[in-house]
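These notes are about the structure you will find just below.
Please treat every number below as a calculation from the coordinates, not as lab data. Quick caveat, the model's predicted, so the values are computed rather than measured. Glycine gets a Cβ as well: all are built from the backbone with ideal geometry, and neighbour counts include every protein chain shown.
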Amino acid sequence: MLTLRNFIDGLFTPPVCGKFLSVESPANGRVYAECPDSDASDVGKAVAAAKIAQPAWAALGAAKRSEILLKVADLLEKRIPRSGQACGAG
C-alpha cells in the first residue's frame, strides 16, 4: 500500500500526530493508499519553511519558477494512480 507523507522544508515527513487517513478508489471502494491526517502543527511547520524559502523562490524569476512547476506537474502526472492502482502499477 502506498503511504504518502507531508513534504515540508525539502523532506518527506509523517504527520506530527502520527495519524493517517485511508484513500479509497471511487471505482471500487478499495483502500489503495494512506495520506497524512495533518493538523495545525504540520501546517505551522510548512508555513514557517515556506516563509524562509520564499525570498530565494522569488529571486528565481517567473521563467525559472514556471520551468520547475511544469517539471513537478509532469512528475505528479506520471505518479497519479489509475483505476485505484497504487503508483507505479499498471
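Observations
- Nitroxide proxy distance, nm - points 7 Å out along Cα→Cβ at LYS45 and SER22: 2.6 nm
- Distance between modelled label sites at LYS71 and THR3, nm, 7 Å Cα→Cβ extension: 2.9 nm
- Placed amide H near GLU34: partners under 5 Å, 5+ positions off or other chain: LEU2, THR3, LEU4, VAL23
- FRET E, pair PHE12, GLN54, Förster distance 22 Å, beta-carbon r, rounded to 0.05: 0.60
- Inter-label distance for LYS78 and LYS64, nm, one decimal - labels placed 7 Å from Cα along Cα-to-Cβ: 2.3 nm
- For the chain, DSSP calls about 80 percent of its internal beta bridges antiparallel.
- The magnitude of the dipole of the chain, with charges of +1 and -1 set on the Cβ of Lys/Arg and Asp/Glu and taken from the Cα centre, is near 220 debye.
- Rounded to the nearest 10 degrees, the inclination of helix 40-59 to the longest alpha-carbon principal axis of the chain is 40 degrees.
- Mean ellipticity per residue at 222 nm, deg cm²/dmol - from DSSP H runs of n ≥ 4 across the chain, formula -39500 (n - 2.57): -14500 deg cm²/dmol
- Amide H contacts under 5 Å for ILE8, placed H, 5+ residues apart: THR13
- Between the helical axis of 62-79 and the longest alpha-carbon principal axis of the chain there is an angle of about 10 degrees.
- Across the options ALA40, ALA53, ILE8, the greatest Cα extent toward the positive end of the charge dipole of segment 2-79 (unit charges at beta carbon of Lys, Arg, Asp, Glu) belongs to ALA53.
- For VAL16, residues with placed amide H under 5 Å, excluding near neighbours: ASP39, ASP42
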